[in-house]
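These notes concern the structure reproduced below.
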Amino acid sequence: MGTTIMGTTMQEKARLVASGNLLQVHSLKGMLETCGIEVEIRGEALLGAIGELPTDLQDVELWVAESQYEHAVSQLEALESSSPKWQCVNCHEINEGNFELCWNCCAERSEQLS
């Protein structure tokens, strides 16, 4: 159910993702928007205060309309399942599936985890 203010309807929103990684949040926002899902980023301006604010206030959040929440969750699950994690053979660090280089040692992608 929405609220009408000055002729515009505001939809109820639901938090979809909370992360300290601004690049990841913007990447997910772009992917969801290409699927026709309207996304709002909250907390981005607070990143300049890292170290001064409590840790629970330092996350950047993705919010979507409640009516699009289930569709957004299914899109994120599909993205995660299509990119399995892999383990670096050089330093043995676990990397996200969308990384082509190990985030820890910059070695090229090696093997996948089952």
Worksheet item: Among the residues of the range 62-73, is there at least one that is at pLDDT below 90 and either in a loop (DSSP other than H, G, I, E, B) or in contact with a Cys (Cβ under 9 Å, 6 or more places away or on another chain) (or both)?
Response: no
Worksheet entry | Single match in Gly51, Gly97 (criterion: in contact with a Ser or Thr (Cβ under 7 Å, 6 or more places away or on another chain) and at pLDDT below 85) | Gly97
Worksheet, complete the sentence: For the range 67-96, pairs from a residue that is touching a residue at least 24 places away in the same chain (Cβ under 8 Å) and closer than 26 Å to Lys13 by Cα to a residue that is of a type outside the set (Asp, Glu) and open to solvent by 80 Å² or more (accessible area, probe 1.4 Å), with Cβ under 7 Å and 6 or more apart or across chains, are Ser67/Gln11
Worksheet entry | In the range 22-48, residue modelled with the highest pLDDT [restricted to those that are touching a Phe, Trp or Tyr at 6+ places or on another chain (Cβ under 9 Å) and open to solvent by 40 Å² or more (accessible area, probe 1.4 Å)] | Glu40
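The values are calculated or read from the model by the stated rules, or taken from the named source; none is laboratory data. None of the values given here were measured: they were computed from a predicted structure. Note that each Cβ is placed from the backbone with ideal geometry, even for glycine, and that neighbours are counted across all protein chains shown. The protein model used for the area step is the full one, side chains on, heavy atoms only, and it has no ligands, DNA or RNA in it. Shrake-Rupley method; radii C 1.70, N 1.55, O 1.52, S 1.80 Å.
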